[in-house]
1. Scan (1) out of contact with any Lys or Arg (no Cβ under 7 Å at 6 or more places or on another chain); (2) modelled with pLDDT of 95 or more; (3) open to solvent by 40 Å² or more (accessible area, probe 1.4 Å) for the single condition residue 282 breaks and write down its number.
2. Among (1) over 26 Å from residue 54 (Cβ atoms); (2) over 20 Å from the mean Cα position of the chain (by Cα); (3) not aromatic (Phe, Trp, Tyr), there is one condition residue 118 misses while meeting the rest; what is its number?
3. Which pairs turn up if I take residues in segment 231-253 that are in contact (Cβ under 8 Å) with a residue 12 or more places away in the chain and over 25 Å from residue 278 (Cα atoms) and look for partners that are in a strand (DSSP E or B) and open to solvent by 70 Å² or more (accessible area, probe 1.4 Å) with beta carbon separation below 8 Å, at least 6 apart in sequence or on another chain?
4. From the set of residues in segment 121-133 that are touching a strand residue (DSSP E or B) at 6+ places or on another chain (Cβ under 9 Å) and within 20 Å of residue 108 (Cβ to Cβ), which is most open to solvent (accessible area, probe 1.4 Å)?
5. Being open to solvent by less than 60 Å² (accessible area, probe 1.4 Å) and of a type in the set (Ser, Thr, Tyr): is that true of residue 267 here?
6. Condition first: closer than 21 Å to residue 40 by Cβ, modelled with pLDDT of 95 or more and open to solvent by less than 20 Å² (accessible area, probe 1.4 Å). Can you find one or more residues in segment 207-220 that meet it?
7. Identify, from the list 118, 103, the residue that is surrounded by 21 or more Cβ atoms within 10 Å (Cβ to Cβ), in a loop (DSSP other than H, G, I, E, B) and touching a helix residue (DSSP H, G or I) at 6+ places or on another chain (Cβ under 6 Å).
8. Out of 146, 161, I need the residue that is open to solvent by 10 Å² or more (accessible area, probe 1.4 Å), modelled with pLDDT of 95 or more, in contact with a strand residue (DSSP E or B) (Cβ under 8 Å, 6 or more places away or on another chain) and not in a loop (DSSP other than H, G, I, E, B). Which one?
Amino acid sequence: MRIGGIRLLTGIAAFALVVGFSPSVQAERDTTPDVGARSAYVVDSEGTVHFGKRETRRVPVASLVKVMTAYVVLRDGDLGDVVTVTKADVRHAADNGATSAALRAGEQVTTRDLLYGLMLPSGADAANALARTYGPGKSAFVAKMNAAARSLGLRDTLYTNADGLPSPRNGGYSTAADQARLVGIALKDETFGTVVSKRTYRVAKSAVHRAHTWTNTNKLLGKADGVLGVKTGFTTKAGFCLAFAAERNGRRVVGVLLGDQDARRFTTATRLLDFAEEQIATTTP
């Protein structure tokens, strides 16, 4: 029996070599989550890549563009600055059928509050107000976004606006790998991390602006362990997108899904985070 058992194991190993995989490789394949998104990438703070699928393919990334918008504002602006919302800011969201922070012309809102309006409800009106202010002018702001992309080593990224809307040119393009790199860098800013991790943010009514309550569109918050944010997005061309991050086993795991389905992106992200956690656990001494 023992000899037969040895022969059986030898036969399995030989079969594995013939078909091109080892038992350990096959076990890993069996546990790797199925990912329906057109592009995906998951990496941790040690640089270990846990998943990749067409991660260098250039595609529109919808409102994930606003991660760079926030990054530039935090770099060039002051959180205490006061921005006066214009009719053009409000019309920009309404005319493009975009999500908004429900801002009204004439409101005077701090940059800090506008960042929440930008990232939680994904307000195109907030994006327009911030880009107009910190360009100054939208064209100059987009130029700053692209200069930042180059300086951060995002070689496959180009921005054409501050909000990811389809006009002009689908909001530009990026890749899952580039967006994951950007998110990892942006999360080093404490304010950015605070904003994107907030599930609900309230602005009390004052003499210069009305009350606002903004809810985060990221359904991972409060549902998956250790989640830090970061951003959702959608256009017809880009599909449903999600940039996400979490602390797992002492490492920060960042992932990006591009061209996915609405609800599926959140369940997929949860599985990818769990998978990365398992991989970290097996490789950490």
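The values are calculated or read from the model by the stated rules, or taken from the named source; none is laboratory data. The model shown is predicted, which means the values in this text are computed figures rather than measured ones. We place every Cβ from the backbone using ideal geometry, glycine too, and count neighbours over all the protein chains shown. Please note that ligands, DNA and RNA were not included when accessible areas were found on the heavy atoms of the full protein model with its side chains. Shrake-Rupley method; radii C 1.70, N 1.55, O 1.52, S 1.80 Å.
1. Answer for residue 282: the failing condition is (2).
2. (2)
3. 240/234
4. 132
5. For residue 267, the condition - open to solvent by less than 60 Å² (accessible area, probe 1.4 Å) and of a type in the set (Ser, Thr, Tyr) - is not met.
6. Looking for residues that are closer than 21 Å to residue 40 by Cβ, modelled with pLDDT of 95 or more and open to solvent by less than 20 Å² (accessible area, probe 1.4 Å), one finds at least one in segment 207-220, hence yes.
7. 103
8. Result of the check over 146, 161: 146.
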